[in-house]
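Below: one structure, written as structure tokens.
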Ligand SMILES: *Cc1c(COP(=O)(O)O)cnc(C)c1O
């Protein structure tokens, strides 16, 4: 037996490289990352390849080790080339993400020490770090510091936690579901619909509240709907508002919605996955008033704080409600009961074991201070306005309303031919060029191009380049008409 154990140990020890081996691995990895960062300004934002990364399958998972240089070459060719390059400042589609360097250092440390951030007993320091971060977020949106918070993998899980908490806080049991009513607009993010379904609420009455011309929820219409539903014997219980919609960046009138929610005792969930962090800057706060009226709110550090993907957050004003919806007990966890100075993240979310994601947020905030984040956010607001103004000066463009946040919509009206088709071809031409990436949507049943500014590497030079590319492509398309 002991021989077998020794034999296995010899192989298993390969999992623990010695210092010199670590060094030999870390150098090429740092070299790859350095090369990536040093060339980020000239790398394409979008690359269409024939094979779409399929080459990664050519080296299947097996017992045979492969050297780091060969692996980095594979990553470079099959992973980091095809598709969207979200680290590029030219990423102006959907809602751009981040990827600040300092977070990578936090991830490195978190992965090496692998602190258990799910349970207070296991890592009180990691849990306090998470709570300090969510309390800081609470202060940004005007929540009291008694609010509970949880760092999630992203906005979708954060929205799910909000919806599940609302369901349980309002005691929407199976019997109540068919007469319980949820209110949202058709511009609410699809992760809300998903959350409603996963939470078992798909058989609730779902009301789409009409919007104003700027695609913001019409509070008068909401009030009338809720009043009518209550009078008809239904049970209105949840209203979902957006602090920055994905399509156009619209902020619903939160103070008015807050009043209605209070009057009718509705749970107000605010989806600020994209927009909430803009409240860090004065310019953003001008449109984001009323977030403090929410019962629960979602904000995505991997959007608004420029973190790498895998960082969302949800805050719930009533700690008890969040805990009641997610608390669990397990016999094998009995030791943890001894140490409950602070709530365990596992009691506030569907996750038990989770990535120590507090570290990738805490480290950059502490290393840099908040000022550069605040400045970058205000810069993005101005860049969106700058883009819109330049486009308004350019003949032929139909430009959407002034943005609440950092999304601008537009389309080109060609002198002849189908408008939607022209703009579809315009987007395709921009994608084929690849220097910047814009996306399109159907807004009011019209094919519309959108520019969303949120990548931390997007600066005024990026916007000037984007305008240049758009004009070039329009000219080419007109010539070929
Ligand atoms: C991105 C986004 C989401 C979903 O968040 P993920 O982090 O992608 O899961 C939800 N709501 C809004 C408004 C968003 O922009």
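Assorted remarks:
- Members of segment 254-284 that are in a strand (DSSP E or B) and more than 16 Å from the ligand (Cβ to nearest atom): 267
- Pairs are defined by a Cβ separation below 9 Å, a sequence spacing of at least 6 or placement on different chains, a first member in segment 187-205 that is without any contact (Cβ under 8 Å) to a residue 24 or more places away in the chain and under 25 Å from residue 253 (Cβ atoms), and a second member that is in a loop (DSSP other than H, G, I, E, B) and more than 15 Å from the ligand (Cβ to nearest atom); the pairs so defined are 193/202.
- Number of positions in segment 426-465 that are within 30 Å of residue 186 (Cα to Cα), out of contact with any strand residue (DSSP E or B) (no Cβ under 7 Å at 6 or more places or on another chain) and buried (at least 18 other Cβ atoms within 10 Å of the Cβ): 7
- Residues of segment 302-353 satisfying the condition of being touching a strand residue (DSSP E or B) at 6+ places or on another chain (Cβ under 6 Å), within 16 Å of the ligand (Cβ to nearest atom) and either free of Cβ contacts under 8 Å to residues at least 24 places away in the same chain or over 19 Å from residue 170 (Cα atoms) (or both): 312, 313
- Some residue of segment 114-133 being within 16 Å of the ligand (Cβ to nearest atom), closer than 26 Å to residue 405 by Cα and either part of a loop (DSSP other than H, G, I, E, B) or in contact (Cβ under 8 Å) with a residue 24 or more places away in the chain (or both): no
- Total residues in segment 367-412 satisfying the condition of being under 20 Å from residue 102 (Cα atoms), assigned to a helix (DSSP H, G or I) and without any contact (Cβ under 8 Å) to a residue 24 or more places away in the chain: the figure is 2.
- Selection count where residues are part of a loop (DSSP other than H, G, I, E, B), closer than 26 Å to residue 305 by Cα and at pLDDT 95 or above, scope segment 55-100: 17
- Of all residues in segment 333-366, those satisfying the criterion of being more than 14 Å from residue 133 (Cβ to Cβ) and not in a loop (DSSP other than H, G, I, E, B) are 333, 334, 335, 336, 337, 338, 346, 347.
- Here residue 82 clears all of (1) touching a strand residue (DSSP E or B) at 6+ places or on another chain (Cβ under 8 Å); (2) within 15 Å of the ligand (Cβ to nearest atom) except the condition numbered (2).
- Each residue in segment 256-310 was checked for being at positive phi and crowded, with 24+ Cβ neighbours inside 10 Å, and 1 pass.
- Test: residue in segment 43-50 that is part of a loop (DSSP other than H, G, I, E, B), modelled with pLDDT under 95 and closer than 29 Å to residue 244 by Cβ: no
- Restricting the first member to segment 4-20 and to residues that are surrounded by 10 or more Cβ atoms within 10 Å (Cβ to Cβ), and the second to residues that are part of a helix (DSSP H, G or I), the beta-carbon pairs closer than 8 Å and six or more apart or on different chains are 17/25.
- Verdict on residue 10 being more than 27 Å from residue 306 (Cβ to Cβ) and at pLDDT 95 or above: yes
- Hits in segment 285-301 - residues which are more than 12 Å from the ligand (Cβ to nearest atom), assigned to a loop (DSSP other than H, G, I, E, B) and touching a strand residue (DSSP E or B) at 6+ places or on another chain (Cβ under 7 Å): 294, 295
The values are calculated or read from the model by the stated rules, or taken from the named source; none is laboratory data. Because the structure is a prediction, the values reported are computed rather than measured. As a convention, Cβ positions derive from the backbone with ideal geometry for all residues, glycine included, and neighbour counts pool all protein chains shown.
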